[in-house]
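Visitor: Dumping the structure here so I can ask a few things about it.
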Amino acid sequence: MLNRYARGFFTRLFTPLARLLLKWGVTPDAVTIAGTLGVAGGALVLYPLGQLFWGTVFITLFVFSDVVDGIMARIKGHSGLWGNFLDSTLDRIADGALFAGVAIWFFTGGQNTAIAVAALACLVLGMIVSYARAKAESLGFTANVGVAERAERLVSVLVVTGLTGLGLPEGVLLAVLVILAAASLVTVYQRISTVRRQSREARPAS
């Protein structure tokens, strides 16, 4: 839902920036890499220090690079397999760093093991969600289904983590992470079921 309705808005918002970066000679790949480094740095440095609000602000500034690099690639007419591969691969790094940073803080200074474990569950299940789709597509199937797409997971954890840093009860963050983990598990099941159905339909009749 977020991808469908928000991408058009953010495309219009960031197109002037994308054109300016291209004018300065910046490449889409450079923006992709810089964005990943920013997200990972904020998540693995600021979150473990207990800076949940400012860490979220810092990370959010770099999250939008995922939109900007795509706009730049389309403007240049270079949107292709390499850019798609690089973007998807670095997205996994950013996502992993985000949930790992939350887990590290709550395993240490935050002293809330339940939140830390829930964050790790989100990390692992989120990777499986992405892998299921990638593997399906490599085999000629489609698995773009599920209730826990990347945008929903990312926005949810960033907003609630940032608000937790401003005093929101930690129980709210725990609840959101548990819901995200459950939604990711459901999404894995949905993608497996979808590919199973497609494989049966593609099987030649005996």
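Visitor: How many of the residues making up the stretch 115-138 are out of contact with any Phe, Trp or Tyr (no Cβ under 8 Å at 6 or more places or on another chain), touching a residue at least 40 places away in the same chain (Cβ under 8 Å) and aliphatic (A, V, I, L, M)?
Guide: Of the residues in the stretch 115-138, 8 are out of contact with any Phe, Trp or Tyr (no Cβ under 8 Å at 6 or more places or on another chain), touching a residue at least 40 places away in the same chain (Cβ under 8 Å) and aliphatic (A, V, I, L, M).
Visitor: Considering the stretch 96-123 alone, what residues qualify as being out of contact with any Ser or Thr (no Cβ under 8 Å at 6 or more places or on another chain), surrounded by 15 or more Cβ atoms within 10 Å (Cβ to Cβ) and not small (Gly, Ala, Ser)?
Guide: If the condition is that a residue be out of contact with any Ser or Thr (no Cβ under 8 Å at 6 or more places or on another chain), surrounded by 15 or more Cβ atoms within 10 Å (Cβ to Cβ) and not small (Gly, Ala, Ser), then LEU98, PHE99, ILE104, TRP105, ASN112, ILE115, VAL117, LEU120, LEU123 are the ones that fit.
Visitor: Next question, about the same structure. Hey, can you tell me all the residues within the stretch 66-115 that are under 12 Å from the mean Cα position of the chain (by Cα) and of a type outside the set (A, V, I, L, M, F, W, C)?
Guide: ASP66, ASP87, SER88, THR89, ASP91, ARG92, ASP95, GLY96
Visitor: Name the residues in the stretch 124-139 that are charged (D, E, K, R) and surrounded by fewer than 21 Cβ atoms within 10 Å (Cβ to Cβ), would you?
Guide: Scanning the stretch 124-139 gives LYS135, GLU137.
Visitor: So for the stretch 7-22 (the condition being surrounded by fewer than 15 Cβ atoms within 10 Å (Cβ to Cβ), assigned to a helix (DSSP H, G or I), in contact (Cβ under 8 Å) with a residue 60 or more places away in the chain and not small (Gly, Ala, Ser)), does at least one residue qualify?
Guide: There is at least one residue in the stretch 7-22 that is surrounded by fewer than 15 Cβ atoms within 10 Å (Cβ to Cβ), assigned to a helix (DSSP H, G or I), in contact (Cβ under 8 Å) with a residue 60 or more places away in the chain and not small (Gly, Ala, Ser).
Visitor: In the stretch 68-94, which residues are at pLDDT below 85, closer than 25 Å to ALA132 by Cα and not in a loop (DSSP other than H, G, I, E, B)?
Guide: Within the stretch 68-94, GLY70, LEU81, TRP82, GLY83, ASN84 meet the criteria.
Visitor: Within the stretch 54-61, does at least one residue satisfy the condition of being outside any loop (DSSP other than H, G, I, E, B), open to solvent by less than 80 Å² (accessible area, probe 1.4 Å) and in contact with a Phe, Trp or Tyr (Cβ under 8 Å, 6 or more places away or on another chain)?
Guide: Yes, because at least one residue in the stretch 54-61 is outside any loop (DSSP other than H, G, I, E, B), open to solvent by less than 80 Å² (accessible area, probe 1.4 Å) and in contact with a Phe, Trp or Tyr (Cβ under 8 Å, 6 or more places away or on another chain).
Visitor: Just one of (1) open to solvent by 70 Å² or more (accessible area, probe 1.4 Å); (2) farther than 18 Å from ALA103 by Cα; (3) within 16 Å of the chain's Cα centre (by Cα) trips up THR142, so point out which.
Guide: (3)
The values are calculated or read from the model by the stated rules, or taken from the named source; none is laboratory data. As the structure is a prediction and not an experimental result, all values here were calculated from the model. Ideal geometry is used to build each Cβ from the backbone, glycine not excepted, and the neighbour counts take in all protein chains shown. These accessible areas exclude ligands, DNA and RNA; they are computed on the full protein's heavy atoms, side chains included. Shrake-Rupley method; radii C 1.70, N 1.55, O 1.52, S 1.80 Å.
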